[in-house]
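Structure record follows, encoded as structure tokens.
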Amino acid sequence: MLVQLSYGFLTGSLGLLSDSIHMFFDCLALVVGLCAAVMSKWPPSARFPYGYGKVDTLSGFANGVFLMIISIEIIYEAVERLSSGSQVNRIGELLVVSIAGLLVNLVGILAFDHGHAHGHDHGHHGHSHGNENMHGIFLHILADTLGSVAVVISTVLVHYSGWAGYSARE
């Protein structure tokens, strides 16, 4: 995350900057989610007579709001860069860091898929058994990986075309 952020500023790549910010919010979401999971198990109190069961739902909502705010800022920055024509520097280093980020996400998918693949009962019978959360996590990791693929592709396009607009679109 810090390497991507540093190289994002160094090279002027909005793709790396947005990926590092997104990774920061992923880490923050994990911490908030862990705290919420612990709090949701707390017993009811005088102040909260119905317990803390909805804390994890509230934390998911808060994380979603934070991601939407950051997404709006990234869209604004991308439009500004497209209109002003910013320059991306140090393409070779940018490509190395972009590929490293992609590899980290691929390792995450493989690790998740390995841990998620065991013990499946493929006899589906119309109702769920609490796997929506795991499915959501997998989709999130997949989306992060596709974002990393987009950063690598935009870096290659900037390198071969010389136009920095590809990097600004992410």
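All of the numbers you see were taken from the coordinates with simple rules; none came from a lab. The structure displayed is predicted, hence computed values, not measured ones. Because the Cβ atoms are built from the backbone with ideal geometry, glycine has one as well, and the counts that use them run over all protein chains shown.
When the chain is fully extended, how far beyond the present Cα-Cα distance does Leu106 get from Val156, taking 0.36 nm per residue of separation?
Extra length from Leu106 to Val156 when fully extended: 16.1 nm.
At 0.36 nm per residue, minus the direct Cα-Cα distance, what do Thr57 and Ser83 gain on full extension? Give it in nm, one decimal, please. Each step should come with its number before you reach the end.
On the way: separation 26, 0.36 × 26 = 9.36 nm, distance 3.92 nm.
Residue separation times 0.36 nm, minus the Cα-Cα distance, leaves 5.4 nm.
Could you work out the mean projected area of the convex hull around the alpha carbons of region 27-103, in square nanometres to one decimal?
Averaging across all directions leaves 7.6 nm² for the Cα convex hull.
Compute, for region 1-102, the length of the dipole vector about the Cα centre, with Cβ point charges of +1 (Lys, Arg) and -1 (Asp, Glu) only. Units Debye, rounded to 20.
Working: 5 positive and 7 negative charges, 78 e Å.
I would put it at about 380 debye.
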